[in-house]
1. Would you list, by chain and number, the lysines whose Cα falls below 17 Å from the Cα of B:K38, excluding same-chain residues fewer than 8 positions away?
2. Tally Lys/Arg at +1 and Asp/Glu at -1 over every other residue whose Cβ is under 10 Å from the Cβ of A:F104; what's the total?
3. How much area per residue is accessible in the stretch B:37-102 when the probe is 1.4 Å and only protein heavy atoms are counted (Å²)?
4. Just which residues of the stretch B:32-46 lose 50 Å² or more accessible area with every protein chain there, against their chain alone, with the probe set to 1.4 Å?
5. Have a look at A:I76, A:T27, A:Q9 and report the one farthest towards the positive end of the charge dipole of the stretch A:1-84, computed about the Cα centre with Cβ charges (Lys/Arg +1, Asp/Glu -1).
6. Checking the table A:K26/A:K56; A:K69/B:K53; A:K26/B:K41; A:K26/B:K22; A:K26/B:K40; A:K69/B:K36 against a 26 Å threshold on Cα-Cα, which pairs fail?
7. Specify which residue in the list B:G28, A:G105, B:H10 is farthest towards the positive end of the charge dipole of the protein assembly as shown, using unit charges on the beta carbon of Lys, Arg (+1) and Asp, Glu (-1), about the Cα centre.
8. Could you look at chain A and say what percent of its accessible area is carbon and sulfur, using a 1.4 Å probe and all protein chains?
Amino acid sequence: SQQGEEDPQALSIQEGENATMNCSYKTSINNLQWYRQNSGRGLVHLILIRSNEREKHSGRLRVTLDTSKKSSSLLITASRAADTASYFCATDAYSGGGADGLTFGKGTHLIIQP
Amino acid sequence: DTEVTQTPKHLVMGMTNKKSLKCEQHMGHRAMYWYKQKAKKPPELMFVYSYEKLSINESVPSRFSPECPNSSLLNLHLHALQPEDSALYLCASSGVVLSTDTQYFGPGTRLTVL
């Protein structure tokens with residue numbers, strides 16, 4: 001079953017505006033990650049936030065995590081046409097240590113209008 | 001080098017064919033993964049290898065047979081596939097020590113089953 005659910009499913013904004021995507025999940029997690037995927041190609045890792053962290057920044061990206069609400073948000077500031085892609089949140093599938101598979105949310109398709 | 005390579009990029013096969021997908025990484029990662037992604041859907045975990053041993057199999061049909069010959073290589077052998085198996089197959093790798101390790105994805109193999 002799907003662990004993460006993204007909201008909105010699609011988002012279209014003007015270049016230069018900020019884009020916010022939300023993700024909710026169902027079970028306890030060790031960490032939550034965000035990935036970007038361009039046109040059905042491989043996934044590019046954007047940022048990882050651990051369960052004991054509340055906010056993390058990387059360049060134009062800001063991620064928040066609220067474990068009490070089981071939700072996360074990804075903010076992309078000053079968007080560019082090159083940010084057009086699908087964005088997925090992903091959580092580790094198991095609570096134990098070692099190599100865990102990821103469970104992905106349904107994704108948000110972001111379109112940046114020039 | 002944070003690259004995961006996959007070959008071939010595209011594959012078309014009949015339902016009676018036998019083919020293999022290949023994945024390679026040279027980051028020293030000891031965990032490798034196969035994911036399947038249908039069009040407009042998120043990736044779904046298929047298999048996890050940890051230290052060259054199969055550690056997770058997400059109830060994948062036996063017509064998909066994974067193999068990890070060494071710590072750098074991961075294969076997915078395909079036999080008697082169905083048209084509904086057409087998808088993008090993604091390989092990923094990560095460290096094993098912490099379940100919080102980032103997974104690095106390859107560009108994928110786009111498989112079409114006729």
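The values are calculated or read from the model by the stated rules, or taken from the named source; none is laboratory data. Because the structure is predicted, anything quoted here is derived from the model rather than measured. As a convention, Cβ positions derive from the backbone with ideal geometry for all residues, glycine included, and neighbour counts pool all protein chains shown. For accessibility, only protein heavy atoms count, side chains too; no ligands or nucleic acids. Shrake-Rupley method; radii C 1.70, N 1.55, O 1.52, S 1.80 Å.
1. A:K106, B:K9
2. That works out to 0.
3. Solvent-accessible surface per residue comes out at 46 Å².
4. Correct list: B:P42, B:P43.
5. Towards the positive end, the residue furthest out is A:T27.
6. Beyond 26 Å: A:K69/B:K53; A:K26/B:K22; A:K69/B:K36.
7. It is B:H10.
8. Accessible surface attributable to carbon and sulfur in chain A totals 45 percent.
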